[in-house]
Amino acid sequence: MRLIKVSDEEELSRMAAEYVFSEIKNADRVVLGLATGRTPLGMYRYLSKYSKEYKLLFSHVHTVNLDEYVGSRAYHAYMQENFFDHIGIPINQTHLPDGEALDLERECKRYEEVIQQLSGIDLQVLGIGENGHIGFNEPGTDFSSRTHVVELTESTLSANAKYFTHEKQPQKAITMGIGTILESKEILLLAAGVKKANAVKELFKGSLNENIPATVLNHHPSVTVIADRGARSLLEEES
Ligand code: PGA
């Protein structure tokens, strides 16, 4: 696992955008796995800016998001607002789980098929939860899990409550499974702020542990972590 140390969230956003930008620029076709939440917002802002400055077309880019809340389109709206509307990507090349599907089990299977039909994910961008979750794979999730419906934990609900001022916060979500995420060819994990310090310490120093889902990334051959000073604070205290 490679660690890129940056000083703050601004530098993290720029580095992450440059990383993704070079992947897009050098490929004939690319499947990007995307994340929502606070951490990647700056990366999307920079990528939107680069797409205009360098006239980068996204016509060869396909995207698959990690997750969506059940009964909601909150993450569809987030992606539209913060990224898709700014880069001119053909909308039929963007994919998120449908949290409003009537048959959620069937939707999970459909989403796995979408990823397969795209021939898998080239680069998956991940955040990390305060509790070490990746996607919405909460502590205790089987490492071989595929796309599935999850009950969100108290920790995740309270970390994300701020996004639900106009809508009742859903208690469930559809998420790519850990097994699904691990099949990505390359992973870029972003961690910002002191609230992530314990999860980051466990990621680098902890042993493989289903109660801290991110530790499974030690078993992936190509993971890069970009972490700011706050997120590294406990890691560096120890070394
Ligand atoms: P955040 O979420 O970027 O909003 O901190 C990350 C995550 O929960 O995976």
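Before moving on, here are some points about what is shown:
- Across region 1-84, the mean sequence separation of Cα contacts (distance under 8 Å, 6 or more residues apart), normalised by length, yields a relative contact order of 33 percent.
- Largest first, the residues Glu23, Glu183 sort by 1.4 Å accessible area into Glu183, Glu23.
- The mean accessible area for residues of the chain, using a 1.4 Å probe and ignoring ligands and nucleic acids, is 46 Å² per residue.
- Carbon plus sulfur fraction of accessible area for region 2-237, probe 1.4 Å, in percent: 50 percent
- Those trypsin sites (Lys or Arg not before Pro) in region 35-141 that DSSP places in a loop and that have at most 12 other beta carbons within 10 Å: Lys55
- Full-extension gain in nm, Ala77 to Ser59, via 0.36 nm per residue minus C-alpha separation: 4.4 nm
- Set of lysines near Lys109 by C-alpha distance (under 19 Å), chain-local residues within fewer than 8 positions excluded: Lys172
- When each of the peptides 115-125, 193-203 is scored by the mean number of other C-beta atoms lying within 10 Å of its residues, the order from highest to lowest reads 193-203, 115-125.
- Partner lysines whose Cα lies under 28 Å from the Cα of Lys55, excluding those fewer than 8 positions away in the same chain, are identified as Lys25, Lys185.
- For region 89-227, DSSP calls about 35 percent of its internal beta bridges antiparallel.
- Relative contact order, whole percent, for the chain stands at 25, derived from Cα pairs under 8 Å and 6 or more residues apart.
- Distance between region 1-70 and region 84-135 - C-alpha centres, whole angstrom: 15 Å
- Dipole magnitude of region 1-82 about its Cα centre (Cβ charges: Lys, Arg +1; Asp, Glu -1), debye to nearest 20: 180 debye
- Values of log10 I(q)/I(0) for the chain across q = 0.10, 0.14, 0.16 Å⁻¹ run -0.42, -0.88, -1.19, by the Debye formula with one identical scatterer at each alpha carbon and no solvent.
The values are calculated or read from the model by the stated rules, or taken from the named source; none is laboratory data. Because the structure is predicted, anything quoted here is derived from the model rather than measured. Using ideal geometry, Cβ is built from the backbone for each residue, glycine included, and neighbour counts are taken over all protein chains shown. Just the protein is used for accessible areas: all its heavy atoms, side chains included, with ligands, DNA and RNA removed. Shrake-Rupley method; radii C 1.70, N 1.55, O 1.52, S 1.80 Å.
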